[in-house]
């Protein structure tokens, strides 16, 4: 939309839909939607004259609506202020003073509840936007926010319907402006505790949730925050929970510990009748445990100390209660049975508290892992028919395994844990008809002469039909949580699982997935259809089973490849993407490869050295193999090798680079070249560096032979012949034997050339190495 059209649209909205106060409430949704879609109040660039006029009309109309005598018109004005705050920073700064004053005046009047909610929300947004603006804080927030907080506390006792909105506003105020909030800190804390401990408030209502959110913020961000105050409040919560358990566990013979009794908050008295008291106590335990979790989880402005031992004592007290607990003889057993009805709720809340402690404390809980592992196994054993508690226990196990890894698996028995997991993910196939019963009934009918009943099986097709099979499974949430535990267990210590457990586990995973594929192929309503999330978890466990294979049984990788390939044709987008990811991992397992190594070519440096080669420095050069011709595939020819001439400095660099890059050493390719001067006792100890390129195939057996030097009488002719044969390929597979006279003649000419070079050198200590190209290998001499 052009910038010229925005003022016209806004002017049209104002003229057509906002001037009738009696009917404006019907147009408010349309006006808000239009402004949101076209962003009529926001301007990225500097506003034009037309935009300024349109925005001025908009603000004037808002002020008129706030002062209207029609209730719905005032509500519309508050709604227009909220959308203006979201879209335009300029409108917020220009109208901050007037809008805040008007809203505070409306808040003190007896307005309907729905208008008061909008006013409190709008004022909260206004004060929050001044958080990082010191000038606006001094002018507006410092003056208006204390009045706002005080009036909210007063309004909380007059209108119960506004309590969630009031607590939300107070929680933002204490977080963003803790110093200004200090005068109402204690009053707000009492308000939250009264709501949490109230007998009439349901623990899952919006009011209780807002109280649970506000109370920890008061403790963490309040004006008098310090380590002792924070810890004292936390210990009071633990003491209040212990007081609730004292009344609940009155009928159970508990093991009395020597721990010091903690003081708690003052709570209203409950009825002596357990039928009335127990639901209230269960609700209080739920609310206070959520406060404890929030207080531990939320960040604090300064370091605090968590009383881990006191919290664990509270949790152990609940975990020690189970169905076969001892009952006090003097108490009514009906009260004990009523208590057992609420034990799963207490255990779930304790699991949440233990999860929060695990995340907050971290490695400091390591010394308690043995006790925690025994509690987890005990919970799994006692929650076979309580699927909500079982899901909570599996989630706690997953968290502990992710946090402590192999440390927890050393304490917890993986075989016992896998037994629980297998029981939860295994599908039991049961026949719908009992053959033995039907056979007995038919025999009795023959003896008695009665006719067959219509419900009796009369043929064998019904016995083998797939429609006669019933598939039994546990709850889908339990399966998902159990598969998540299995995935983490395979990831952590999959290779150390016993072979029997691992074999049964792999069979169950494959059978579950294949059963899903069969059911989708034949579209049979009686075959089990797994839910999508369960199916995804099954595929994830299959992948981790491949990543962590067992050392004592064959891998299931071939089966998994077919399953993942078929999963790419699934109707589920999530399953198709995961199967593609799994196939990429399987490809890495099948075709394992090393990381790429950077290799530098020496051809450039060799060419540069060849251009500067002269007759005088030929004796100072060494030879390096170059197999560029060997890389070309030629039919009916064996690969040949040539030699390049480089200087000693360049040769040393190339030798070092090839030594680093060289991964395998082929002994068949190693060629030993010895200087003929060494055999004659010469002082020259230098040897030529002959390096074989790694690109030549290992199967090629190349026997390097030296060409025979022709008989010449001039040193210049010998050097010319050497230069001509420098780039000529050495014959392969042909052995040439040098005669004794040829060897002596080569040696004489070599000594003569060295003497000539020595006479030209002024430095007597300088030794110039001489390399005879035609000198035979020591290996060939031995053959002779």
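Based on this model, can you work out whether residue 102 counts as surrounded by 15 or more Cβ atoms within 10 Å (Cβ to Cβ) and not in a helix (DSSP H, G or I)? I'd like the intermediate steps shown before the answer.
Working: surrounded by 15 or more Cβ atoms within 10 Å (Cβ to Cβ): yes; not in a helix (DSSP H, G or I): no.
Against the criterion (surrounded by 15 or more Cβ atoms within 10 Å (Cβ to Cβ) and not in a helix (DSSP H, G or I)), residue 102 does not qualify.
Residue 65: part of a helix (DSSP H, G or I) and more than 22 Å from residue 129 (Cα to Cα), yes or no? Outline the logic, then answer.
Numbers: part of a helix (DSSP H, G or I): yes; more than 22 Å from residue 129 (Cα to Cα): yes.
Spelling it out, residue 65 is indeed part of a helix (DSSP H, G or I) and more than 22 Å from residue 129 (Cα to Cα).
Mind counting the residues in the range 122-134 that are touching a helix residue (DSSP H, G or I) at 6+ places or on another chain (Cβ under 7 Å) and not in a loop (DSSP other than H, G, I, E, B)?
Selection size over the range 122-134: 8.
Condition test on residue 260, is it out of contact with any helix residue (DSSP H, G or I) (no Cβ under 7 Å at 6 or more places or on another chain) and closer than 22 Å to residue 197 by Cβ?
Answer is no for this residue.
Per-residue answers, yes or no, for (1) within 26 Å of residue 183 (Cβ to Cβ); (2) assigned by TED's automatic domain parsing to the domain that holds residue 340; (3) part of a helix (DSSP H, G or I); (4) in contact (Cβ under 8 Å) with a residue 40 or more places away in the chain:
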| residue | (1), (2), (3), (4) |
| --- | --- |
| 216 | yes, no, yes, yes |
| 242 | no, yes, yes, yes |
| 255 | no, yes, no, yes |
| 265 | yes, yes, no, yes |
| 286 | no, yes, yes, yes |
| 299 | yes, yes, no, yes |
| 306 | no, yes, no, yes |
| 311 | no, yes, yes, yes |
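Kindly indicate which of 519, 524 is modelled with pLDDT under 65, surrounded by 17 or more Cβ atoms within 10 Å (Cβ to Cβ) and over 13 Å from residue 421 (Cβ atoms).
Answer to the selection: 519.
Filter the range 19-29 for residues that are surrounded by 15 or more Cβ atoms within 10 Å (Cβ to Cβ) and in a helix (DSSP H, G or I); which is farthest from the chain's Cα centre (by Cα)?
Ranking the candidates gives 24 first.
So which helices (runs of 4 or more DSSP H) are wholly in the range 341-443 and hold at least 3 residues that are closer than 20 Å to residue 483 by Cβ and modelled with pLDDT under 90?
414-425
Can you find, within the range 366-376, the residue that is surrounded by the fewest Cβ atoms within 10 Å (Cβ to Cβ) among those that are more than 14 Å from residue 350 (Cα to Cα) and in contact with a helix residue (DSSP H, G or I) (Cβ under 6 Å, 6 or more places away or on another chain)?
370
Could you please let me know if residue 55 is free of Cβ contacts under 8 Å to residues at least 60 places away in the same chain, part of a loop (DSSP other than H, G, I, E, B) and closer than 25 Å to residue 123 by Cβ? Spell out how you get there, then give the answer.
Values: free of Cβ contacts under 8 Å to residues at least 60 places away in the same chain: yes; part of a loop (DSSP other than H, G, I, E, B): no; closer than 25 Å to residue 123 by Cβ: yes.
The answer is no for residue 55.
Mind checking which residues of the range 30-55 are surrounded by 15 or more Cβ atoms within 10 Å (Cβ to Cβ), closer than 9 Å to residue 87 by Cβ and at pLDDT 90 or above?
35
Picking from 197, 191, 162, which residue would you name as being more than 36 Å from the chain's Cα centre (by Cα) and over 29 Å from residue 350 (Cβ atoms)? Step through it out loud before you land on a result.
Numbers: 197 fails: over 29 Å from residue 350 (Cβ atoms); 191 fails: over 29 Å from residue 350 (Cβ atoms).
Only one candidate qualifies: 162.
Here is a list: 50, 5. Which entry is in contact (Cβ under 8 Å) with a residue 12 or more places away in the chain and over 20 Å from residue 77 (Cα atoms)?
50
Within the range 221-228, does at least one residue satisfy the condition of being under 17 Å from residue 188 (Cβ atoms), in contact with a helix residue (DSSP H, G or I) (Cβ under 6 Å, 6 or more places away or on another chain), in a helix (DSSP H, G or I) and modelled with pLDDT under 90? Even if it seems obvious, please write down each step before you answer.
Here is the first cut: in the range 221-228, the ones under 17 Å from residue 188 (Cβ atoms) are 221-225.
Next cut, in contact with a helix residue (DSSP H, G or I) (Cβ under 6 Å, 6 or more places away or on another chain) only: 221-223.
Keeping just the survivors that are in a helix (DSSP H, G or I) gives 221.
Keeping just the survivors that are modelled with pLDDT under 90 gives 221.
Checked the range 221-228: at least one residue is under 17 Å from residue 188 (Cβ atoms), in contact with a helix residue (DSSP H, G or I) (Cβ under 6 Å, 6 or more places away or on another chain), in a helix (DSSP H, G or I) and modelled with pLDDT under 90.
The values are calculated or read from the model by the stated rules, or taken from the named source; none is laboratory data. Everything numeric in this text was worked out from a predicted model, so none of it was measured. Quick reminder, even Gly has a Cβ in these numbers, built from the backbone with ideal geometry, and neighbours come from all protein chains shown.
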